[in-house]
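Have a look at the structure below, then the notes.
Values quoted throughout were computed directly from the atomic coordinates according to the rules given, and no laboratory measurement underlies them. None of these values were measured; they are calculated from a predicted model. Note that each Cβ is placed from the backbone with ideal geometry, even for glycine, and that neighbours are counted across all protein chains shown.
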Amino acid sequence: MIWSVAVPLAACALLGAFWGRALALPLLPLVAAALIGAVIAGVHHAEVVAARVGEPFGTLILALAVTIIEVSLIVALMVAGGASANALVRDTVFATVMIICNGVVGLCLLLGAMRHRVLAFRVEGTTPSLAVLATLATLTLVLPTFTSTTPGPTLSVAQLVFVGVVSLVLYAVFVFVQTVRHRDHFLPVDIPEEEPGHSRPTPALTAASLLLLLLALVAVVGLAKLLAPAIETAVQAAGVPHGVVGIAIALLVLMPETGAAVRAALRNHMQSSFNLALGSALATIGLTVPAVAIAALALDLSLQLGLPAKEIALLALTLLVSTMTVSGGRATVFQGAVHLVLFAVFLFLAVVP
């Protein structure tokens, strides 16, 4: 598609033209549009590469691309916001988990079940994913609220390094199980790996998409740095909770991947939808938190990781309901409706705390 080639090139051209310069007010909408376009184009090209390598490696590539984009946005805004943005990584990671486990999963279950009545997926693939997600979410978002080495919902340097290493190790084990040891547990139910009528991209197209994906990621990182001061100023002027910024980042980077998950559910590939959704949530915690932690230590930035009581309750309820959803290997519109109601509660309380 022409737009998927033109957008990364145009975004890189804008980045080169305005790098190192303060953006004038009339240029902000143009640069913001280029950033959003680069995110969408980047995930599109990640999907092309993913289609070439097949499941479940494809969903892993998508998750890694989304993580790179998310880390660049978080670090850029943290540097621009200073002390007022030290909870941004917590807000973004929490928002990602809530959006994926309730919004994306709920939408996939609702739309998929409306077309196919009952959706089937592999318990042996979804349950371990959720177990890893619950563990990582508790280690990074809940325990810092209750540690006593440092005041407030923070971790000491030793604790932060330990949590980062444990997160990476646990995510690496999950990737090994998903792609090597028990790869068959993450394949769609009763559907062959190569479906008739769905041809794989050619090697030339895959190589071009890989190059354009790299260009899109460079553009996202650079444009995010250019826009960060303007975004921080707008948040302060609007007087909205800083948690809304984390939700905006999560919604932006997950928007294209949500479309891929919904399309899989509509084709009765609910296992692929779960791979995309839960894989992104795991990558967000398992990769984003250690990456941001390294950046924070290098740049001497403070991180607030622990969630307040209200958010901990919402996280616990989400993990409980998600466990019930995946435990049977089958789901209907009812489970989708429950998850979407939880998503609506999360959004409402974020704006009206």
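With 0.36 nm allotted per residue and the present C-alpha distance subtracted, the Leu317-Val333 stretch has 3.8 nm of extension available.
Projecting each Cα onto the charge dipole of the chain (Lys/Arg +1, Asp/Glu -1 at the beta carbon, about the Cα centre), which of Leu77, Thr135, Ser280 comes out farthest on the positive side? Projecting each Cα onto the dipole axis, the largest value belongs to Ser280. State the percent of C-alpha pairs, over all pairs in the chain, separated by a distance greater than 30 angstrom. It works out to 35 percent of all Cα pairs. Computed extension gain for Val180 through Leu30, at 0.36 nm per residue and net of the alpha carbon distance, reaches 49.6 nm.
Note down the magnitude of the dipole of segment 2-351 about its Cα centre, charges +1 on Lys and Arg C-beta and -1 on Asp and Glu C-beta and zero elsewhere, to the nearest 20 debye. Present the calculation step by step, with values, prior to reporting the outcome.
Values: 14 positive and 14 negative charges, 49 e Å.
The dipole magnitude comes to about 240 debye.
How would Val5, Val93 line up from fewest to most surrounding beta-carbon atoms within 10 angstrom?
By the 10 Å Cβ count, ascending: Val5, Val93.
For the chain, hydrophobic long helices are taken as DSSP H runs at least 18 Å long by C-alpha position along their axis with mean Kyte-Doolittle hydropathy of -1.0 or more; these are 2-18, 28-53, 57-81, 123-137, 157-176, 203-238, 243-266, 270-283, 309-326, 333-351.
Based only on other Cβ atoms within 10 Å, what is the fewest-to-most ordering of Lys310, Lys225? Please list the in-between numbers first.
Working: Lys310 10, Lys225 18.
Going from least to most buried by this count: Lys310, Lys225.
In this rough spin-label picture, where each label sits 7 Å from Cα along the Cβ direction, the Thr150-Val166 distance is 1.6 nm.
Rounded to the nearest 500, the 222 nm mean residue ellipticity of the chain from helices alone is -24000 deg cm²/dmol, with -39,500 (n - 2.57) taken per DSSP H run of at least 4 residues.
Proximity of backbone amide H atoms, modeled 1.01 Å from N, is registered between Ala87 and Gln304 at under 5 Å, excluding neighbours fewer than 5 places apart on the same chain. If only the Cβ of Lys and Arg carry +1 and only the Cβ of Asp and Glu carry -1, the dipole of segment 89-217 around its Cα centre is close to 160 debye. For Thr150, the residues 5 or more places off, or on other chains, whose built amide H falls under 5 Å of its own are Ser156.
In debye to the nearest 20, how big a dipole does segment 209-353 give about its Cα centre with +1 on each Lys and Arg Cβ and -1 on each Asp and Glu Cβ? Show your work: numbers first, answer last.
Details: 5 positive and 4 negative charges, 84 e Å.
Computed charge dipole of segment 209-353: roughly 400 debye.
Ordering Val71, Val253, Val177, Val105 by the number of other Cβ atoms within 10 Å of each residue's own Cβ, fewest first, gives Val177, Val71, Val253, Val105.
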